[in-house]
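Everything below concerns the one structure shown next.
The values are calculated or read from the model by the stated rules, or taken from the named source; none is laboratory data. Keep in mind that what you see is a predicted model, and the values were worked out from it rather than measured. Quick reminder, even Gly has a Cβ in these numbers, built from the backbone with ideal geometry, and neighbours come from all protein chains shown. With ligands, DNA and RNA removed, areas are computed over all heavy atoms of the protein, side chains included. Shrake-Rupley method; radii C 1.70, N 1.55, O 1.52, S 1.80 Å.
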Amino acid sequence: MKIEKKIILILFAFSMFAFTKTSVADELIRGYKYPGYIVQNNDDTLYGYIIFRDYDTNQNKCEFYNNETDKKPVKKYKPKELKAYLIGDVLYKTINYSGGLMSKPLRFLRVFIDGKITLFNFYEEGSIPYNKEREHTVVYYKWNDKKYPKPFTSEKFVFKYAKKMAAFIADNKELSAKVLNKEKGYGLVDIYNTIEEYNEWYIVNNQ
């Protein structure tokens, strides 16, 4: 019973973290076009306007307009055609993650912590009941790391958090040691702060 309660508390904590990070004051409004840009696979960046349809729809396509008043998009891009796009202040990046157990086709995932370690929100796809909020999962991805080639979800850290997180950020020896030694401010509830601290360290040490 104690173990079951611990699992429930941990999962509840993760859900609260996700809510805090995504409940921003300036949420995107359905049907509105926002200034932004697209990054093509050859790294060319094109500026214009992008329409927000829904968290589900915008994971699967990016409708790009030259002007806010245009009726039709210049093109509807699929994830395989872009590296990223920015709509308003919201960044989407393309990774192999679709929430499925077997296949992992490309999706545009919404970024809420950007860096060497990027944290995304993956929103459930398909129809949902009217007035029901679309559920989302926090996805972690460490770019170009052979030890962690695939994205994974928060559940990875449910058990043995200190050991697993310390290994995940092992290239930052000082930060990794703080997590492994369970120093104050580096526990499970501080996970997002730890990721941001790692990303800041990575920028300084990899210029």
(Q) Tell me the per residue accessible area of region 76-167 using a 1.4 Å probe; a whole number in Å² is fine. (A) 54
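Could you give the size of the charge dipole of the chain about its Cα centre, using +1 on the Cβ of each K and R and -1 on the Cβ of each D and E, expressed in debye and rounded to the nearest 20?
Numbers: 34 positive and 26 negative charges, 166 e Å.
Computed charge dipole of the chain: roughly 800 debye.
Roughly speaking, what is the stretch gain from T45 to V158, that is 0.36 nm per residue apart minus the C-alpha to C-alpha distance, in nm to one decimal? Could the numbers behind the result be given before it?
On the way: separation 113, 0.36 × 113 = 40.68 nm, distance 3.87 nm.
So the chain would gain 36.8 nm between T45 and V158.
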Q.
List the residues, sorted by chain then number, that are 5 or more residues from Y97 or on another chain and whose placed amide H is less than 5 Å from its amide H.
A. R107
Q: Please report how far the C-alpha centroid of region 29-57 lies from that of region 73-127, rounded to the nearest whole angstrom.
A: 12
Q | Hz values of 3J(HN,Hα) by residue in region 44-49 - Karplus curve (6.51, -1.76, 1.60), Gly and Pro given as x | A | 5, 10, 10, 9, x, 10
Q.
Could you tell me which residue out of L180, L46, Q59 lies farthest along the dipole of the chain toward its positive end? Charges go on the beta carbon: Lys and Arg +1, Asp and Glu -1, centred on the Cα centre.
A. L180
**Q.** With Cα atoms, 0 to 90° folded angle of helix 191-205 axis to the chain main axis
**A.** 80
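Rounded to two decimal places and with Rh computed the Kirkwood way over Cα pairs, what is Rg over Rh for the chain?
0.99
Of the peptides 65-74, 82-91, how do they stack up when ordered by the mean number of other Cβ atoms within 10 Å, highest first?
Values: 65-74: 12.1, 82-91: 19.0.
Top of the packing list down: 82-91, 65-74.
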(Q) Please list, in order along region 179-184, the HN-Hα scalar couplings obtained from phi with the Karplus expression 6.51 cos²θ - 1.76 cosθ + 1.60 (θ = phi - 60°), rounded to whole Hz, x for Gly and Pro. (A) 5, 4, 7, 6, 5, 4
Q: For L91, list long-range residues whose amide hydrogen, built 1.01 Å from N in the peptide plane, is under 5 Å from its own amide hydrogen.
A: V111
Q.
With viscosity set to 1.002 mPa s at 20 °C, what whole-number translational diffusion coefficient in µm²/s follows for region 53-134 from Stokes-Einstein and a Kirkwood radius over Cα pairs?
A. 155
Q: Hey, can you grab everything whose amide H is under 5 Å from the amide H of Y32? Only 5+ residues off in sequence or another chain; H modelled, so Pro and N-termini drop out.
A: F52
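Specify whether the C-alpha gyration tensor of region 139-207 places it in the rounded, prolate or oblate class, a ≥ b ≥ c being the square roots of the eigenvalues: rounded for a/c under 1.5, otherwise prolate if a/b is larger than b/c and oblate if not. Provide the component values of the computation, followed by the final result.
Values: a/c = 1.67, a/b = 1.08, b/c = 1.54.
Because a/c hits 1.5 or more and a/b fails to exceed b/c, region 139-207 counts as oblate.
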Q: Place the peptides 50-61, 152-163 in order of packing, highest mean first, counting for every residue the other Cβ atoms within 10 Å and averaging per peptide.
A: 50-61, 152-163
Q: Determine the gain in length on full extension of the stretch K173-N206; use 0.36 nm per residue of separation and subtract their C-alpha separation, reporting nm with one decimal.
A: 10.4 nm
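Just subtract the alpha-carbon distance of E27 and D89 from 0.36 nm times their residue separation and send over the number in nm, one decimal. Spell out each step's value before the answer.
On the way: separation 62, 0.36 × 62 = 22.32 nm, distance 0.94 nm.
Contour length minus the Cα-Cα distance gives 21.4 nm.
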Q: Please identify which residues in region 30-62 have an amide N closer than 14 Å to a label point set 7 Å out from the Cα of K76, following the Cα→Cβ vector.
A: 51-54, 57-62
Q: Would you mind putting 116-129, 33-46 in packing order, based on average other-beta-carbon counts within 10 Å, highest first?
A: 116-129, 33-46
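Does region 91-140 come out rounded, prolate or oblate by the C-alpha gyration tensor, with a ≥ b ≥ c the root eigenvalues, rounded set by a/c under 1.5 and, if not, prolate when a/b is larger than b/c and oblate if not? Walk me through the numbers on the way to the answer.
Numbers: a/c = 2.44, a/b = 1.43, b/c = 1.70.
Here region 91-140 falls in the oblate category.
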Q. So what are region 167-207's ellipsoid semi-axes, whole angstrom, largest first, if each one is the square root of 5 times an eigenvalue of the alpha-carbon gyration tensor?
A. 18, 11, 7
Q: Per residue of region 106-111, in order, report the coupling 6.51 cos²θ - 1.76 cosθ + 1.60 (Karplus, θ = phi - 60°) as ³J(HN,Hα) in whole Hz, putting x for Gly and Pro.
A: 5, 9, 7, 10, 6, 8
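Considering only protein heavy atoms and a 1.4 Å probe, what is the carbon-and-sulfur percentage of the accessible area of the chain?
Numbers: 6800 of 12560 Å².
Answer for the chain: carbon and sulfur cover 54 percent of the accessible area.
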